[in-house]
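The values are calculated or read from the model by the stated rules, or taken from the named source; none is laboratory data. These figures come from a predicted structure and were not determined experimentally. Positions of Cβ are generated from backbone atoms using ideal geometry, with glycine treated the same way; all protein chains shown enter the neighbour counts.
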Amino acid sequence: MATRLRDRPPLMVRLWAALGSARFTEDWIDDTTHFVDGYTEGRGHIWINPAPAMADTIIHELLHTMQPAWSEAYVRRTTTYLLRRMTDAEIRQFYEEYLTRRKRRTRRKKVDG
Ligand SMILES: [Zn+2]
């Protein structure tokens with residue numbers, strides 16, 4: 001059942017408003033020692049590095065295809081295990097390889113679960 005707007009937590013409503021007013025820049029964020037997933041600069045300018053979060057999702061889904069019998073919890077744990085053993089350069093390479101291989105859909109696909 002859909003949540004009615006007035007039942008939403010006030011913080012959620014403010015979050016959507018902040019999404020509408022923030023300025024986003026997507027780029028590699030490298031502080032020379034390790035990747036940064038994102039940071040805020042000044043008021044409302046947010047830098048997002050998509051590589052770490054996307055690498056997590058890509059590894060997770062690859063493990064499902066490689067090991068269909070593994071439980072969701074085990075896939076999550078193994079994803080974290082593998083990701084922590086990748087260097088920033090490997091995460092970047094992994095993400096760049098994904099960018100060259102992905103196919104963008106023009107219509108939304110419905111997925112159960
Ligand atoms: Zn999963």
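This table checks each residue for (1) in contact with a strand residue (DSSP E or B) (Cβ under 8 Å, 6 or more places away or on another chain); (2) of a type in the set (Asp, Glu); (3) within 20 Å of residue 101 (Cα to Cα); (4) at pLDDT below 95.
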{"position": "49", "(1), (2), (3), (4)": "yes, no, yes, yes"}
{"position": "52", "(1), (2), (3), (4)": "yes, no, yes, yes"}
{"position": "59", "(1), (2), (3), (4)": "no, no, yes, no"}
{"position": "67", "(1), (2), (3), (4)": "no, no, no, no"}
{"position": "71", "(1), (2), (3), (4)": "no, no, no, no"}
{"position": "75", "(1), (2), (3), (4)": "no, no, no, no"}
{"position": "78", "(1), (2), (3), (4)": "no, no, no, no"}
{"position": "82", "(1), (2), (3), (4)": "no, no, no, no"}
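If you go through the range 1-11 and keep only what is under 27 Å from residue 42 (Cα atoms) and either at pLDDT below 90 or over 24 Å from the mean Cα position of the chain (by Cα) (or both), you end up with 9, 10.
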